[in-house]
Amino acid sequence: MTNPVTVEVTRGALVESRHRGAIVAVDGDGKVVFSVGDIDAGVFPRSACKAMQALPLVESGAADAYGFGNKELALACSSHNGEDEHVALAASMLTKAGRSVETLECGAHWSSSQRVLIHQARTMEKPTALHNNCSGKHAGFICACCHQDIDPTGYVGYDHPLQKEIRGTMESLTGATLGHDNCGTDGCSIPTYAAPLRGLAHGFAKMATGTGLDPVRAKASRRLIEACMAEPFYVAGTDRACTALMQAAPGRIFAKTGAEGVFCAAVPEQGIAIAIKCDDGHSRAAEAMVAATLSRFFDKDSAIRNALTAMATVSMHNWNGIHVGDVRAVAALTQ
């Protein structure tokens with residue numbers, strides 16, 4: 001099945017480029033309420049599923065034992081910019097578990113944000129693993145291990161007890177069978193599993209509503225989703241789509257991006273969750289797709305819908321500041 005065009009890129013009055021993709025929105029029971037393209041094809045959620053991967057941190061009691069609040073839980077679900085606040089909080093999480101940056105197995109990299117990268121280059125010789133966009137997630141992994149008296153050494157490995165627990169958690173939420181056959185290695189070195197887009201959306205709908213979950217998981221899921229909505233800066237950072245989407249509707253939208261054009265989101269008050277995949281992996285298209293799809297679930301002419309619709313069309317300017325075109329979701333996504 002060839003997925004339809006979901007985003008157009010214009011130059012002047014003409015369409016210069018097109019992005020194809022798939023979108024699905026489901027409720028807590030798994031009923032599809034909106035879809036575009038092949039929603040049963042397996043996709044790697046990459047970082048979009050971090051809230052699922054953070055469940056052991058809460059369910060094990062580690063988050064409470066270490067006194068974590070919304071900021072720490074949001075960072076555990078994050079793909080952050082490596083801004084000073086992100087780095088300091090990740091370090092603080094490790095300290096509470098009696099660990100340090102040396103325990104992190106995510107690797108180090110400079111920020112993907114040009115503004116933050118320039119700041120980093122001016123203030124330090126090189127980044128550490130704390131600057132990795134996944135350091136909050138990994139700090140959460142380490143805390144979950146330490147609280148349960150599990151040796152965190154090698155915690156990124158497929159056969160490590162924590163990764164086995166995460167794999168089982170994600171199978172339960174998505175309904176997909178996850179194993180070596182559909183496993184790859186993520187940028188931060190942990191296993192990542194390809195699952196149907198429909199299953200990813202259903203998993204987040206379960207987390208947002210508690211439908212089909214036992215009381216412990218339902219409570220932990222709600223706590224993570226609410227933490228991200230309460231502290232969107234710690235989920236991503238300055239000038240990031242995840243943060244902007246949640247700031248557009250405080251406490252009403254959860255959103256999390258993943259690499260290669262994946263996005264997951266939820267509107268908890270409506271019991272709806274969304275998963276999208278841009279076929280060519282381009283983030284500019286994925287961001288337009290998720291904003292347009294979310295806008296469908298808010299009242300016409302409301303401030304939130306107008307803000308989301310605006311995010312679904314991004315103006316492009318050249319180096320002289322001249323408007324040259326737009327990145328825009330196709331009308332079928334917003335109507």
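Before moving on, here are some points about what is shown:
- If you model the chain as an ellipsoid using its alpha carbon gyration tensor, with each semi-axis the square root of five times an eigenvalue, the axes come out at 31, 24, 18 Å, biggest first.
- Size of electric dipole in the chain: Cβ of Lys, Arg +1 and of Asp, Glu -1, about Cα centre, debye, nearest 20: 540 debye
- For the peptides 318-330, 201-213, the ranking by packing is 201-213, 318-330, with the highest mean count of neighbouring Cβ atoms within 10 Å listed first.
- Percent RCO, i.e. relative contact order, over the stretch 5-333, from Cα pairs under 8 Å lying at least 6 residues apart: 24 percent
- Theoretical ellipticity at 222 nm over the chain - DSSP helices of four or more residues, -39500 (n - 2.57) apiece, nearest 500: -11500 deg cm²/dmol
- Taking every protein chain into account, the 1.4 Å probe leaves Y193 with about 10 Å² of accessible area, to the nearest ten.
- The stretch 254-313: trypsin sites (Lys or Arg not before Pro) falling in loop per DSSP and having at most 12 other Cβ within 10 Å: K300
- Here C183 and E102 are evaluated by their C-beta separation; at R0 = 25 Å the FRET efficiency comes out at 0.40.
- Globularity index of the stretch 50-177, i.e. its alpha-carbon radius of gyration over 2.2 N^0.38 Å: 1.05
- The distance between label points at Q270 and S35 comes to 1.8 nm (points 7 Å beyond Cα on the Cα→Cβ vector).
- Dipole-positive endmost among A292, G281, L57 within the stretch 5-333 (Cβ charges, Cα centre): A292
- Reference-scaled alpha-carbon Rg (2.2 N^0.38 Å with N residues) for the stretch 62-116: 1.17
- Surface composition of the stretch 5-333: carbon plus sulfur atoms contribute 48% of the solvent-accessible area (1.4 Å probe, protein chains only, all chains present).
- Accessible surface, the chain, averaged per residue in Å² (probe 1.4 Å): 41 Å²
- Here is the short version for the chain: C49, C77, C143, C145, C146, C183, C228, C242, C264, C278 have no other Cys C-beta closer than 4.7 Å.
The values are calculated or read from the model by the stated rules, or taken from the named source; none is laboratory data. Given the structure is predicted, the values throughout are model-derived calculations rather than measurements. Cβ atoms come from the backbone with ideal geometry, glycine included; neighbour counts cover every protein chain shown. All accessible areas refer to the heavy atoms of the entire protein, side chains included, with ligands and DNA or RNA removed. Shrake-Rupley method; radii C 1.70, N 1.55, O 1.52, S 1.80 Å.
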